[in-house]
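Participant: Just dropping this structure here.
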Amino acid sequence: MGREFELKYAADPIQQAKILRDFPLDWQRIDMETTYYDTPGRALAQRKWTLRRRYENGTAVCTLKTPAEGGGRGEWELPCGTIEEAIPELCKLSDSRELLVLTAEGLEPVCGARFTRQAGLLEAEDCRLELALDSGVLLGGGRELPLCEIEAELKDGSEEAAAAFAAGLAAKYSLTAESRSKFRRALMLAKGEL
């Protein structure tokens with residue numbers, strides 16, 4: 001199983017600029033446009049699964065995320081033109097046919113996001129992380145909500161070390177922890193809850 005462990009923080013442009021200045025990484029710019037999908041009966045949301053197609057600098061990548069123990073998430077992704085084409089391959093990658101069964105009734109877009117990411121890899125004590133600085137908007141229910149955040153995603157090493165690094169980053173730059181994913185916030189926007 002692919003496993004994702006990341007810590008997310010609300011930020012502002014000034015905090016992001018300080019991090020860009022203070023960390024001399026090989027920062028990569030990625031323009032992202034994300035559409036999140038669910039069944040008409042919201043079978044995926046009921047299981048806290050996320051199914052998305054994201055264009056990353058024009059290349060489509062389809063992703064399935066599921067809850068996992070210990071604060072992380074299961075995550076599988078592949079380049080694929082449409083979400084429907086990706087379903088059978090995501091089932092193989094995740095070793096689960098449940099997604100195929102759940103999506104048999106069809107899929108529809110429910111919300112999205114459009115943002116620019118500045119991403120860089122860094123070595124910290126006992127781990128390697130990707131720092132991602134995201135700026136843009138969440139989309140839902142015909143409305144937009146500004147997005148400005150920082151993610152520290154573990155690429156290799158100890159989850160405890162990654163959490164310690166992220167806590168230090170948050171303290172140094174006065175960042176506020178964000179427990180909700182982009183999808184959850186965009187979905188709340190679509191429902192009129194934000």
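The values are calculated or read from the model by the stated rules, or taken from the named source; none is laboratory data. The model shown is predicted, which means the values in this text are computed figures rather than measured ones. Every residue, glycine as well, gets a Cβ built from its backbone with ideal geometry; the counts of neighbours run over all protein chains shown. Protein only, heavy atoms only, side chains kept; ligands, DNA and RNA dropped before computing areas. Shrake-Rupley method; radii C 1.70, N 1.55, O 1.52, S 1.80 Å.
Participant: If you take the Cα Rg of the chain and divide it by 2.2 N^0.38 Å, with N the number of residues, what do you get? If you can, show how the numbers build up before the last one.
Facilitator: Numbers: Rg = 16.7 Å, N = 194, 2.2 N^0.38 = 16.3 Å.
Computed over Cα atoms of the chain, the ratio equals 1.03.
Participant: Please give the per residue accessible area of region 1-85, computed with a probe of 1.4 Å over protein heavy atoms only, in Å². List each step's numbers first, then the result.
Facilitator: Details: 4370 Å² over 85 residues.
Dividing the accessible area of region 1-85 by its residue count gives 51 Å².
Participant: Ok, one more. Helix-only estimate, please: 222 nm mean residue ellipticity of the chain, summing -39500 (n - 2.57) across DSSP H runs of length 4 or more and dividing by its residues, to the nearest 500. Numbers along the way, then the final one.
Facilitator: Working: 6 runs with 55 residues, N = 194.
Roughly -8000 deg cm²/dmol at 222 nm, from the helical runs in the chain.
Participant: If eta is 1.567 mPa s and T is 4 °C, what Stokes-Einstein diffusion coefficient results for region 22-62, Kirkwood Rh from Cα pairs, in µm²/s?
Facilitator: Values: Rh = 12.4 Å.
Answer from the Stokes-Einstein relation: 105 µm²/s.
Participant: Hey, got the dipole for region 91-152? About the Cα centre, +1 on K and R Cβ, -1 on D and E Cβ, debye to the nearest 20? Mind dumping the intermediate values first?
Facilitator: Values: 6 positive and 12 negative charges, 66 e Å.
Charge dipole, region 91-152, about its Cα centre: 320 debye, nearest 20.
Participant: Let me ask something additional. For a quick check of understanding: with a 1.4 angstrom probe and all protein chains in place, what accessible area in square angstrom does Leu25 have, to the nearest ten?
Facilitator: The accessible area comes out at roughly 40 Å².
Participant: Along region 6-11, what does the Karplus equation 6.51 cos²θ - 1.76 cosθ + 1.60 (θ = phi - 60°) give for ³J(HN,Hα), rounded to whole Hz, x for Gly and Pro?
Facilitator: 9, 10, 10, 9, 5, 8
Participant: Right, another one. Which one of Ile150, Leu133, Leu194 is farthest out on the positive end of the charge dipole of region 78-194, using unit charges on Cβ (Lys, Arg +1; Asp, Glu -1) and the Cα centre as origin?
Facilitator: Toward the positive end, the furthest listed residue is Leu194.
Participant: Toward the positive end of the charge dipole of region 1-77, about the Cα centre and with charges on Cβ (Lys, Arg +1; Asp, Glu -1), which of Thr59, Gly74, Gln46 goes farthest?
Facilitator: So the residue we want is Gln46.
Participant: Can you pull out the GluC sites (Glu not before Pro) in region 97-194 whose DSSP state is coil and whose Cβ has at most 11 other Cβ atoms within 10 Å? Working shown, then result.
Facilitator: On the way: sites: Glu98, Glu105, Glu123, Glu125, Glu130, Glu144, Glu149, Glu151, Glu153, Glu159, Glu160, Glu178, Glu193; in loops: Glu125, Glu178, Glu193.
Answer in residue order: Glu125, Glu193.
Participant: Can you work out the Karplus-derived ³J(HN,Hα) for every residue in region 131-145? Use 6.51 cos²θ - 1.76 cosθ + 1.60 with θ = phi - 60°, whole Hz, and x for glycine or proline.
Facilitator: 3J(HN,Hα) across region 131-145, in whole Hz: 8, 10, 10, 10, 9, x, 9, 8, 10, x, x, x, 10, 10, 10.
Participant: How high is the relative contact order of the chain? Use alpha-carbon pairs under 8 Å, at least six apart in sequence, and give a whole percent. Can you show the working numbers first?
Facilitator: Values: 406 pairs, mean separation 51.1, N = 194.
Computed over the chain, the figure is 26 percent.
Participant: For Arg42 and Leu121 in one chain, what is 0.36 nm times their gap in residues minus the Cα-Cα distance, to one decimal in nm? It would help to have the intermediate numbers written out before the result.
Facilitator: Details: separation 79, 0.36 × 79 = 28.44 nm, distance 3.56 nm.
Stretched fully, the Arg42-Leu121 segment lengthens by 24.9 nm.
Participant: Pull up the cross-link candidates among the lysines for Lys8, meaning alpha carbon to alpha carbon under 21 Å and not fewer than 8 places away within one chain.
Facilitator: Reachable lysines: Lys18, Lys48, Lys65, Lys155, Lys172, Lys182.
Participant: Just the accessible area for Lys18, please: 1.4 Å probe, Å², rounded to the nearest 10?
Facilitator: 90 Å²
Participant: Ratio of Rg to Rh for region 83-190, alpha carbon only, Kirkwood? Intermediate values should be presented prior to the final figure.
Facilitator: On the way: Rg = 17.2 Å, Rh = 16.4 Å.
A ratio of 1.05.
Participant: Heavy-atom accessible area of Val101 with all protein chains present, probe 1.4 Å, nearest 10 Å²?
Facilitator: Val101 exposes around 110 Å² with every protein chain in place.
Participant: Once you keep just the Cα pairs under 8 angstrom separated by 6 or more residues, what percentage relative contact order results for region 1-98? Before the final figure, lay out each step's value.
Facilitator: Details: 131 pairs, mean separation 25.9, N = 98.
After rounding, I find 26 percent.
Participant: If I compute solvent accessible area with a 1.4 Å probe over the protein chains, what percent of it on the chain is carbon and sulfur?
Facilitator: Values: 4860 of 9620 Å².
Solvent-exposed carbon and sulfur of the chain make up 50 percent of the total.
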